[in-house]
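Structure, as structure tokens:
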Amino acid sequence: MPGLIGKKIGMTSIYSAEGKSIPCTVIEAGPCVVTQVKTFEKDGYAAYQLAFDERRDKNTPNPLKGHFKKANTTPKRKLYEFQVFEKEYKLGDSVTIDHIVSEGMFVDIIGWTKGKGFQGVVKRHGFSGVGGQTHGQHNRLRAPGSLGASSDPSRVFKGMRMAGQTGNKRVMMINLRVLKVVPENNLLVVKGSVPGANGSYLIIHE
């Protein structure tokens, strides 16, 4: 399996052999259950669907209950497909962290950034705002200012940096070094930060 589903636990730091403090993120990675095996003959492509994290039975829709029952597993919260793989798995097999990663290797991690709602240009794009409240200006410190569009072209260009939805985007962090693997607790420690709040789901790729 080329990857695994995980959950962000939080950030901490560990010391290297040289005595340097290294910021790192602790991730609960797996165990995941194979809940569907897709084939070229039936689905048009080959993939394994993995499921992670327990879900209450009463909060699970009936179609999903039947889906998990086929795999002989309990309801799960997060589902994700992996298409590139080497080893063969069967429906209901468990995929653990030691199947995927080892200390010293590099991984790519996909997550969803913290959503911050509708924000202005100062917070969203780092505008400096209008400097100094002089000459009678009022309430213009954090305003975007002129958009530079007059009678020609008589419109706002696409991509203009303006206020709007901030965060809540799918982001991939590439080439994060695995500092430590704790298989008995399904924990993975990677160097640096990963997107999302504590408790958010992550997709870990080789």
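Read-outs throughout are calculated quantities, based only on the coordinates presented, and are distinct from any laboratory measurement. Because the structure is a prediction, the values reported are computed rather than measured. Cβ atoms come from the backbone with ideal geometry, glycine included; neighbour counts cover every protein chain shown.
Tabulated data
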| quantity | calculated |
| --- | --- |
| Square roots of 5 times each gyration tensor eigenvalue, C-alpha, segment 1-63, largest first, Å | 36, 19, 7 |
| Rounded to 5, the percent of DSSP beta bridges in segment 86-186 classed as antiparallel | 90 |
| Unit charges at the beta carbon, dipole of the chain: most positive-side option, M11, A143, M162 | A143 |
| Dipole of the chain, positive direction: furthest Cα of I27, L202, P153, with charges on the beta-carbon | P153 |
| Residue list for segment 6-48, given a label point 7 angstrom along the Cα-to-Cβ vector of E103 and an amide N cut-off under 19 Å | 12-29 |
| Enclosed volume per residue, in Å³, of the convex hull spanned by Cα atoms of the chain | 220 |
| Distance (nanometres) between label positions extended 7 Å along Cα→Cβ at N168 and E18 | 4.3 |
| Among 20-31, 55-66, 182-193, 114-125, the order from most to least packed when residues are scored by Cβ within 10 Å on average | 20-31, 182-193, 114-125, 55-66 |
| Ellipsoid semi-axes in whole angstrom, largest first, where each is sqrt(5λ) of the Cα gyration tensor of segment 11-131 | 36, 24, 16 |
| Members of K76/K114; K116/K158; K8/K180; K69/K90 lying beyond 19 Å, as alpha-carbon distances in this model show | K76/K114; K116/K158 |
| Stokes-Einstein D in µm²/s, Kirkwood radius over Cα pairs - segment 118-206 at 4 °C with 1.567 mPa s viscosity | 73 |
| MRE, 222 nm, helices only [DSSP H, n ≥ 4, -39500 (n - 2.57), over the chain, to nearest 500] | -2000 deg cm²/dmol |
| Sites V122 and H205 - FRET efficiency at Förster radius 30 Å, r taken between beta-carbons, to 0.05 | 0.30 |
| FRET efficiency, M11 to A47 (Cβ-Cβ, R0 35 Å, nearest 0.05) | 0.65 |
| Candidates M173, M162, M105, ranked by Gaussian network fluctuation over the chain, Cα under 10 Å, top entry | M162 |
| Sequence ranges 78-84, 136-142, 2-8, ranked by mean other-Cβ count within 10 angstrom, highest first | 2-8, 78-84, 136-142 |
| Relative contact order for segment 1-133, counting Cα pairs under 8 Å that sit 6 or more residues apart, in percent | 25 |
